[in-house]
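Below: one structure, written as structure tokens.
The values are calculated or read from the model by the stated rules, or taken from the named source; none is laboratory data. Values in this document were obtained by computation on a predicted structure and should not be read as measured data. Here Cβ is always computed from backbone atoms with ideal geometry, including for glycine, and neighbour counts include all displayed protein chains.
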């Protein structure tokens with residue numbers, strides 16, 4: 001989301017919260033993407049419990065819709081892993097990051113998009 005990327009987290013929060021509420025109410029097929037957008041903001045705001053919950057929901061929704069190797073899964077897997085690392089659970093984060101990278105590599109995602117994912121994995125014991 002543009003506001004999040006611009007560092008305008010306080011402005012992004014109400015927009016994403018409203019969007020998430022709407023897609024939940026409408027039972028939209030875009031719910032996993034809305035959950036991911038809000039999870040990413042929660043990671044930036046260090047709201048680890050919320051980031052974890054929303055990333056897990058996004059993963060479940062994407063897997064249900066497109067399978068366990070869905071190309072976009074690397075995004076919520078990375079968000080979930082970052083929350084796990086921040087809450088002292090690096091052992092739980094490592095397989096999430098490895099899976100995110102494997103999925104992204106399989107879809108031939110340009111390396112620049114995986115920088116944060118690879119960096120997080122490299123810092124793990």
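Of the residues making up the stretch 21-46, those that are closer than 18 Å to residue 87 by Cα and buried (at least 18 other Cβ atoms within 10 Å of the Cβ) are 39, 40, 41, 42, 43. For the stretch 61-71, the set of residues classified as free of Cβ contacts under 8 Å to residues at least 12 places away in the same chain and part of a helix (DSSP H, G or I) consists of 63, 64, 66, listed by residue number.
For residue 84, state whether it is part of a loop (DSSP other than H, G, I, E, B) and either modelled with pLDDT of 95 or more or surrounded by 14 or more Cβ atoms within 10 Å (Cβ to Cβ) (or both).
No.
Here residue 36 fits the description: closer than 19 Å to residue 66 by Cβ, modelled with pLDDT of 95 or more and in a helix (DSSP H, G or I).
Going through (1) part of a helix (DSSP H, G or I); (2) at pLDDT below 95 one by one, residue 7 falls short only on (1).
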